Amino acid sequence: MALPSEAEVLRVYLGELDKHGHRPLYEVIVEKARKRGLAGATVVRGVMGFGQSKRLQVAKALRLSEDLPVVIEIVDKPERIEAFLPDLDQLIEDGLVTLQDVPAVFHRRSGDKNSDRK
């Protein structure tokens, strides 16, 4: 999918243990974004962080259970991101959602010979 020269990054900040039903919330969000046809999504697990509760979450080798920070990044056209926001509003009970305008340099798949470089 070719992106315009201007795109938007949607970031969702959650805890690793946040759930929707019995499933990890980050999985539900990424699958919903995929079904909506958004350009792409990535989930990144943090090693340390805190949120509104100010409770520090740290990855330690001896801990078995963690609730580390998770960030979901989704990039697409601003109007497609905007259309996805009501889905997020229904899914997220605790978390932060941010938007940022970004220049999209290119988006290509393996084997593509022509980039979308603007």
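Points worth noting:
- Fully extended contour minus Cα-Cα distance, from Lys35 to Gln90, at 0.36 nm per residue: 18.2 nm
- Neighbours of Lys77, meaning other residues whose beta-carbon lies under 10 angstrom from its beta-carbon, give a summed charge of -4 when Lys and Arg score +1 and Asp and Glu score -1.
Here, each number is a calculation from the coordinates, and none is a lab measurement. This is a predicted model, so every value here is computed, not measured. Ideal geometry is used to build each Cβ from the backbone, glycine not excepted, and the neighbour counts take in all protein chains shown.
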